[in-house]
Amino acid sequence: MKELSINFLGYNFKNPIVMASGTFGFGREYGEFYELSKLGGICVKGLTAKPRLGNKPPRIAETPMGMLNSVGLQNPGVDAFITDELPFLREHDTVVIANISGNTVEEYVEMTEKLSDAGVDILEINVSCPNVKAGGMAFGTSTEGVTAVTEAVMKKATSPVMVKLSPNVTDIISIAKSAEASGADAISLINTLLGMRIDTTTRKPVLNNIVGGLSGPAVFPVAIRMVWQVATAVKIPVLGMGGIMTGNDAVEMMLAGASLVGVGTACFDDPYAPLRITKEIEEYMERNTINKISDLIGKVNTE
Ligand code: SIN
């Protein structure tokens, strides 16, 4: 038997696969395909202090090897999540991560208090949503913004806190270090890369929001590079994501320094992707006589 479990922030993830925020809803739809307890963890759709309808359509566009989204944080709000969705997630033996976005530091703090009190396992602080005007990426593109949100959240959080970083920055290392210095327990990256498409017939942007976040295999090498840069620069653990489609991609992400691996866009193509990827990781371990998956973390040989 291969040991696939990972201890991350004191939680036992039965395998390193975590469903990335915004690609798995609150798990109900995918739960019709398979038992959610098979997953290492689930990070829920980004929550905000009040319910949001999101941006006007069209808000999804296909691209070669990926997709653009400008959903704009459509969600029922943190209170409805706690009453209507969290009890369902709690029926399954998997780690529950709540992703939160605020327009202001105060909103991040308010949600942190509510979700900590509700007993969510881990909080993912989204300072990287590219599709909303206030908050979101506005905080995540400067060390000052990341510090302000992280420090405020850390004062109130009783659940461990992971800060989700944007790749749309010039210096990911200083941003990651500012999250660590502000007390973050872990870092997750990458959120989507800002992109745009134009309809050549109408000459209009394909997305109503004009720009949107690029995800999928097109972003994978960028994600590997940034995860490697961050994991070698900070001491806190890293959850790596961005374009993972196969078990080999997941192994690559762990070699780059990720302790856990987020799977997102792959699910739109194949709802069973997390189970297939887990099986492919096991097969890789079998072929390479690796007994413990944790032995792969950060083991890229750059000499
Ligand atoms: C969205 O809802 O617009 C995507 C969320 C994100 O990228 O953080």
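What's the extension gain from Val211 to Ser5 if we count 0.36 nm per residue and subtract their Cα-Cα distance?
On the way: separation 206, 0.36 × 206 = 74.16 nm, distance 3.82 nm.
The span from Val211 to Ser5 would gain 70.3 nm if fully extended.
Lys155: which lysines have alpha carbons under 28 Å from its alpha carbon, excluding same-chain residues fewer than 8 sequence positions away?
Excluding near neighbours in sequence, the set is Lys45, Lys50, Lys114, Lys133, Lys164, Lys177, Lys235.
Rounded to the nearest whole Å², what accessible area per residue is found for the chain with the 1.4 Å probe? Walk me through the numbers before you get to the answer.
On the way: 12940 Å² over 303 residues.
Accessible area per residue: 43 Å².
For the chain, with the dipole built from +1 on Lys and Arg beta-carbon atoms and -1 on Asp and Glu ones, taken about the Cα centre, which of Cys267, Thr23, Gly212 lies farthest toward the positive end?
My answer, from the dipole projection, is Gly212.
With a cut-off of at most 16 other beta carbons within 10 Å, and DSSP calling the residue loop, which GluC sites (Glu not before Pro) in the stretch 21-101 qualify? Please list them. Present the calculation step by step, with values, prior to reporting the outcome.
Details: sites: Glu29, Glu32, Glu35, Glu62, Glu85, Glu91; in loops: Glu29, Glu35, Glu91.
In loop regions of the stretch 21-101 (DSSP not H, G, I, E or B), the sparsely surrounded GluC sites (Glu not before Pro) are Glu29, Glu35, Glu91.
Taking the alpha-carbon distance from Lys38 and a cut-off under 20 Å, which lysines remain once sequence neighbours fewer than 8 residues away in the same chain are dropped?
Candidates past the 8-residue exclusion: Lys2, Lys14, Lys279, Lys292.
Run through the stretch 2-58 and list the chymotrypsin sites (Phe, Trp or Tyr not before Pro) located in a DSSP loop whose Cβ has at most 15 other Cβ atoms within 10 Å. Working shown, then result.
Details: sites: Phe8, Tyr11, Phe13, Phe24, Phe26, Tyr30, Phe33, Tyr34; in loops: Phe24, Phe26, Phe33, Tyr34.
Sites meeting the loop and neighbour criteria: Phe33, Tyr34.
Tell me, which longest segment in the chain has none of the trypsin sites (Lys or Arg not before Pro) that fall in DSSP loops with at most 12 further Cβ atoms within 10 Å? Write down the numbers at each step before the final one.
Working: sites that count: Arg28, Lys133, Arg203, Lys235, Lys299.
With a cap of 12 other Cβ atoms within 10 Å, the longest stretch comes to 29-132.
Have a look at the DSSP beta bridges in the chain and tell me what percent are antiparallel, nearest 5.
Values: 16 of 43 bridges.
Antiparallel bridges: around 35 percent, rounded to the nearest 5.
Would you mind computing, in nm to one decimal, how far apart the modelled labels at Leu53 and Gln74 are, each placed 7 Å from Cα along Cα→Cβ?
For the pair Leu53/Gln74, the computed spacing is 1.1 nm.
Expressed as a whole percentage, what fraction of the accessible surface of the stretch 208-303 belongs to carbon and sulfur atoms when a 1.4 Å probe is rolled over the protein heavy atoms? Can you show the working numbers first?
Values: 2190 of 4180 Å².
The nonpolar share, carbon plus sulfur, comes to 52 percent.
Among Val96, Val238, Trp228, whose Cα projects farthest towards the positive end of the dipole of the chain, with charges put on the beta-carbon of Lys, Arg (+1) and Asp, Glu (-1)?
Trp228
List the extent of the Cα atoms of the chain along each of their three principal axes, largest first, rounded to whole Å.
The Cα atoms of the chain stretch 52, 50, 43 Å along their principal axes.
Calculate how many DSSP beta bridges within the stretch 38-153 are antiparallel, expressed in % of all such bridges and rounded to the nearest 5.
On the way: 5 of 13 bridges.
Close to 40 percent.
Remind me, what semi-axes does the stretch 148-265 give for its equivalent ellipsoid, largest first in whole Å, using sqrt of 5 times each Cα gyration tensor eigenvalue?
Numbers: eigenvalues 156, 70, 28 Å².
Working from the Cα gyration tensor, I get semi-axes of 28, 19, 12 Å.
Dipole size in debye (nearest 20) for the chain around its Cα centre, Lys and Arg Cβ +1, Asp and Glu Cβ -1? Spell out each step's value before the answer.
Values: 26 positive and 33 negative charges, 141 e Å.
For the chain, the charge dipole is close to 680 debye.
Carbon and sulfur: what percent of the stretch 1-134's accessible surface (1.4 Å probe)?
Working: 2980 of 5540 Å².
After summing per-atom areas, the C and S share lands at 54 percent.
Report the chymotrypsin sites (Phe, Trp or Tyr not before Pro) located in the stretch 70-176 that are in a DSSP loop and have at most 10 other Cβ atoms inside 10 Å of their Cβ, or state none. Present the calculation step by step, with values, prior to reporting the outcome.
On the way: sites: Phe81, Phe88, Tyr108, Phe139; in loops: none.
Hits after loop and neighbour filter: nothing returned.
Tally Lys/Arg at +1 and Asp/Glu at -1 over every other residue whose Cβ is under 11 Å from the Cβ of Ala118; what's the total? Can you show the working numbers first?
Values: positive: Arg90, Lys114; negative: Asp79, Glu85, Glu113, Asp117, Asp121.
That works out to -3.
If you take the square roots of the eigenvalues of the alpha-carbon gyration tensor of the stretch 30-108 and sort them as a ≥ b ≥ c, do you get rounded (a/c under 1.5), prolate (a/b over b/c) or oblate?
Numbers: a/c = 2.09, a/b = 1.14, b/c = 1.83.
Oblate.
With the Cα gyration tensor of the stretch 31-71 giving a ≥ b ≥ c as the square roots of its eigenvalues, does the rule (a/c under 1.5 for rounded; else a/b larger than b/c for prolate; else oblate) give rounded, prolate or oblate? Spell out each step's value before the answer.
Numbers: a/c = 2.63, a/b = 1.30, b/c = 2.02.
Oblate, because a/c is 1.5 or more while a/b does not exceed b/c.
List, largest first, the extents of the alpha carbons of the stretch 222-282 along their principal axes, each in whole Å.
34, 22, 15
The values are calculated or read from the model by the stated rules, or taken from the named source; none is laboratory data. The structure displayed is predicted, hence computed values, not measured ones. Because the Cβ atoms are built from the backbone with ideal geometry, glycine has one as well, and the counts that use them run over all protein chains shown. These area figures cover heavy atoms from the full protein model, side chains too; ligands, DNA and RNA do not enter into them. Shrake-Rupley method; radii C 1.70, N 1.55, O 1.52, S 1.80 Å.
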